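Novice: Can you keep this structure in mind? I'll have questions shortly.
The values are calculated or read from the model by the stated rules, or taken from the named source; none is laboratory data. Keep in mind it's a predicted model, so treat the numbers as computed, not measured. No Cβ is skipped: glycine too gets one built from the backbone with ideal geometry, and neighbour counts run over all protein chains shown.
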Ligand code: XUL
Ligand code: CO
């Protein structure tokens, strides 16, 4: 296809003083920060679905975007190829290393399952040619187990085992092509794995079905030799009233129950955290502490809207605490920051997709530089260590090691009349430390 995003060239780095909105001010991909470049730390990815396959519709109105490949009068495979060419042109001009996709963002619906399988493999070959030409890699693949009406009552958690079988076949295909493309991860988001009402739902049975499904995915991963990470993407609700993978802690309990906690990690989406009543930083910290932190979808919500608006990140202040937790836990392994973002429905110029991504990437890059500097300087860690210092004393260690009973502690408190003085948590002082880093970091 001829150039689609004409008028926009490769996005270059201009530095914090640049006034060019289509230049990076903070994302200098080759800048070495600590032991790696910014590109290696952030592992940025663009999403095929919202950026190229979503027409800009909402529940009250049709698509508004200029996406010529979505014209239903086109031959579906021609349309898929046009879309793919535009997607790779965009990612290449943006200069980020990764993309992510759902099977049916890339591959049209239609025909028998065998015909869909063949089309998926044909388009995978073509995507691999684009990847080879541009050097762009795959952060993750995933199957759309929520779009087709057959999945209205769930995929793995459907009351009908034939729907379960269809979903299993779809995931087998999608894992195969993700493996062929050298994907770093494979994602499962259970948008329909939940219920609208308990009146018609056998909850424990559905949990067992979901556990069995995930075990089959793990078995298939090992059978084909896929070395990427399997990730569940928690979300509390939307489209379903209650989703079983509500948040990170819920997912971990589920994984433990089915013996999968060493096989599957989480892909945390910023606004999914908010929808479940948590801060993004909380979800990251919980995942890190449970050893299941995998990857991030960086899109945010709107403070006053209770649904998933999938907006581009635009606030360094709100991202720093979570990025700090990521760095504190050692950063990404196979994961990265994925832009599962949507333009607003009125952003109809082709260049708007660049504006959203460039602004979002710069926000993340600056948040990373701030959090990294704070971590290097131990700006929070010294105080944190001092707060917990008592636990390194012999008595503190003995309690944790299981060498003290309630009776032992009662005896000690009685003998010494232990009555420790409260110590300040210093929250305001620490919040000011964070602000100072945000102001000063260059
Ligand atoms: C939906 C969502 C999905 C997943 C992949 O809220 O975030 O795009 O990331 O299916
Ligand atoms: Co997502």
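Novice: Among the residues of the range 124-137, is any modelled with pLDDT of 95 or more, over 20 Å from residue 212 (Cβ atoms) and part of a strand (DSSP E or B)? Steps first, answer last, please.
Specialist: To start, the set of residues in the range 124-137 that are modelled with pLDDT of 95 or more comprises 124-137.
Within this subset, residues satisfying the condition of being over 20 Å from residue 212 (Cβ atoms) are 124-137.
In the following step, the residues that additionally are part of a strand (DSSP E or B) were identified as 137.
Yes.
Novice: Out of everything in the range 399-420 that is part of a helix (DSSP H, G or I) and either at pLDDT below 95 or within 27 Å of residue 328 (Cα to Cα) (or both), what residue ends up being farthest from the chain's Cα centre (by Cα)? Quick ask: steps written out before the conclusion?
Specialist: So in the range 399-420, the residues part of a helix (DSSP H, G or I) come out as 399-400, 406-416.
Restricting the remaining residues to those that are either at pLDDT below 95 or within 27 Å of residue 328 (Cα to Cα) (or both) gives 399-400.
Numbers: 399: 38, 400: 35 Å.
Looking at residues that are part of a helix (DSSP H, G or I) and either at pLDDT below 95 or within 27 Å of residue 328 (Cα to Cα) (or both), I get 399.
Novice: Of everything in the range 384-395, what is within 38 Å of the chain's Cα centre (by Cα) and either free of Cβ contacts under 8 Å to residues at least 24 places away in the same chain or not assigned by TED's automatic domain parsing to the domain that holds residue 425 (or both)? Give them in sequence order.
Specialist: Selection gives 384, 385, 386, 388, 389, 390, 391, 392.
Quick grid of which residues meet (1) under 26 Å from residue 4 (Cβ atoms); (2) within 16 Å of ligand 2 (Cβ to nearest atom); (3) assigned by TED's automatic domain parsing to the domain that holds residue 430:
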| site | (1), (2), (3) |
| --- | --- |
| 298 | yes, yes, no |
| 313 | yes, yes, no |
| 326 | no, no, no |
| 344 | yes, no, no |
| 351 | yes, no, no |
| 355 | yes, no, no |
| 358 | yes, no, no |
| 362 | yes, no, no |
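Novice: Given the residues 379, 371, 367, which is the only one that is surrounded by 15 or more Cβ atoms within 10 Å (Cβ to Cβ), closer than 30 Å to residue 102 by Cα, touching a residue at least 12 places away in the same chain (Cβ under 8 Å) and more than 16 Å from ligand 2 (Cβ to nearest atom)?
Specialist: Just a single option satisfies the conditions, and that option is 367.
Novice: Oh, and also: Can you confirm whether the range 83-92 contains a residue that is surrounded by fewer than 19 Cβ atoms within 10 Å (Cβ to Cβ) and part of a loop (DSSP other than H, G, I, E, B)?
Specialist: Looking for residues that are surrounded by fewer than 19 Cβ atoms within 10 Å (Cβ to Cβ) and part of a loop (DSSP other than H, G, I, E, B), one finds none in the range 83-92, hence no.
Novice: Could you please let me know if residue 240 is touching a strand residue (DSSP E or B) at 6+ places or on another chain (Cβ under 7 Å), more than 20 Å from residue 265 (Cβ to Cβ) and within 13 Å of ligand 1 (Cβ to nearest atom)?
Specialist: Yes; evaluated as a whole, the condition is true for this residue.
Novice: A further question follows. Does residue 340 satisfy the condition of being over 21 Å from residue 19 (Cβ atoms), touching a residue at least 60 places away in the same chain (Cβ under 8 Å), buried (at least 21 other Cβ atoms within 10 Å of the Cβ) and within 17 Å of the chain's Cα centre (by Cα)?
Specialist: yes
Novice: So, of the residues in the range 266-294 that are in a strand (DSSP E or B) and farther than 14 Å from residue 235 by Cα, which turns out to be nearest to ligand 1 (Cβ to nearest atom)?
Specialist: From the range 266-294, those in a strand (DSSP E or B) are 266-269, 293-294; that's our starting set.
Pick out the ones that are also farther than 14 Å from residue 235 by Cα and you get 293-294.
Numbers: 293: 16, 294: 12 Å.
In this case the residue turns out to be 294.
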